[in-house]
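The values are calculated or read from the model by the stated rules, or taken from the named source; none is laboratory data. In this text the structure is predicted, and so the values were computed from the model without any measurement. Please note: Cβ atoms are built from the backbone with ideal geometry, for glycine as well, and neighbour counts cover all protein chains shown.
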Amino acid sequence: MDLGTLHLDVVEQPELDDVHPELRVLNDAKGVDHFFLRGHEASLASPATQPVLIPRERGTLIEVAVSEQLGHRLQAAVEAVASEKLLDSLSAVVRAMPIPLGVETVGIRVRARDGERAFYLLASEGLTPHDVARRALEPFPLVLIRSLLALGPAHSMGRSMGIRWSSGRWMTDGDEPIGVVLVGSRTERTPTREQEQLITQTADGLAARLKPVDRSTGALELLAASLATDALADPGGQPIPALDGLRPRERTILGLYAEGLSAEEIAKMLFISPHTVRTHVKNAFRRLGIHSRNEAAELVHTDELARVL
């Protein structure tokens, strides 16, 4: 597939330290909305095509030329979003976004108009099939979206995926958020100002296409479930029960440990000693090649998902 010409002229520079600035999260909902709901005057029909110089802290410059063909491809994908083929058309959008926007991961969540008004993942790029399936089966409340936008890569969810830079744009109908576009990168490289503007323009273009879509909770649940099923149908994403290699007692104790229980608490539940609990956890870690409670929790969740689906 011809993606157009992408010219990169990179000047080597020392690795930058991963330093997160101090963040004050606004408690007032209106204040948070004001912080994240952004206006703009540019048009999606005019993607950046000129070379852009990005200043770096240590005096180097990275020159990036965003191909006009890639910008038009993204524009066409946004304009093709339609209710009757919503998942397919949104998938085309996220596939077209990474290169012209200078990002590695993309997620599009659409907000239900009824019930708890949660945000459902309907398209994703840059995640493993298992991660896509997991996130698709997990609707996000508005407060979680706000915390993701406020904390960025410092959020535990971003850290778990190795994200070093992240951002997002609301898709709105008037002042009402009807969805969100979340983007991120696993490297120090960040989008240029023009690419940031294109992220905003893309979100606004999607908002216009999503206004007539059926955003009932039932409809979005079906679409998100379909996305999860499609992700796991990928040849490289077939779920394999992750804990099949463990002995039954190891599996039981690892599941409790992954839920956050201490060795003492597990010992009381199973009428064994804390030393025995630690031995089982240690053996399970060794068999699975893991080293932390977070990794154990991920494997337990993957195992449960594989057995259900």
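If the condition is being closer than 30 Å to Ala92 by Cα and either modelled with pLDDT of 90 or more or surrounded by fewer than 13 Cβ atoms within 10 Å (Cβ to Cβ) (or both), then segment 237-272 contributes Gln238, Ile240.
Applying the criterion of being without any contact (Cβ under 8 Å) to a residue 24 or more places away in the chain and among the hydrophobic types (A, V, I, L, M, F, W, C) to the residues of segment 75-104, the residue that is surrounded by the most Cβ atoms within 10 Å (Cβ to Cβ) is Ala77.
When segment 201-233 is filtered for residues that are of a type in the set (S, T, N, Q) and under 15 Å from Glu79 (Cα atoms), the ones remaining, listed by number, are Gln201, Thr202. Just to be sure, is Gly39 modelled with pLDDT under 95, assigned by TED's automatic domain parsing to the domain that holds Pro212 and in a loop (DSSP other than H, G, I, E, B)? When the stated conditions are applied, Gly39 passes them. Within segment 180-190, the residues that satisfy the criterion of being crowded, with 22+ Cβ neighbours inside 10 Å and either assigned to a loop (DSSP other than H, G, I, E, B) or out of contact with any Phe, Trp or Tyr (no Cβ under 7 Å at 6 or more places or on another chain) (or both) are Val181, Leu182, Val183.
Taken residue by residue, segment 128-138 has no member that is closer than 15 Å to Ser226 by Cα, touching a strand residue (DSSP E or B) at 6+ places or on another chain (Cβ under 7 Å), at pLDDT 95 or above and assigned by TED's automatic domain parsing to the domain that holds Trp170. Quick one: is Ser89 modelled with pLDDT of 95 or more and under 17 Å from the mean Cα position of the chain (by Cα)? The answer is no for Ser89. Of all positions in segment 49-63, at least one carries a residue that is β-branched (Val, Ile, Thr), modelled with pLDDT under 90 and either touching a helix residue (DSSP H, G or I) at 6+ places or on another chain (Cβ under 7 Å) or on the phi > 0 side of the Ramachandran plot (or both). The number of residues in segment 253-284 being part of a helix (DSSP H, G or I), more than 18 Å from Glu295 (Cβ to Cβ) and of a type in the set (S, T, N, Q) comes to 2. The condition (being surrounded by fewer than 18 Cβ atoms within 10 Å (Cβ to Cβ) and at pLDDT 95 or above) is satisfied by just one residue among Asp234, Asp214: Asp214. If you go through segment 107-146 and keep only what is β-branched (Val, Ile, Thr) and touching a Ser or Thr at 6+ places or on another chain (Cβ under 7 Å), you end up with just Val132.
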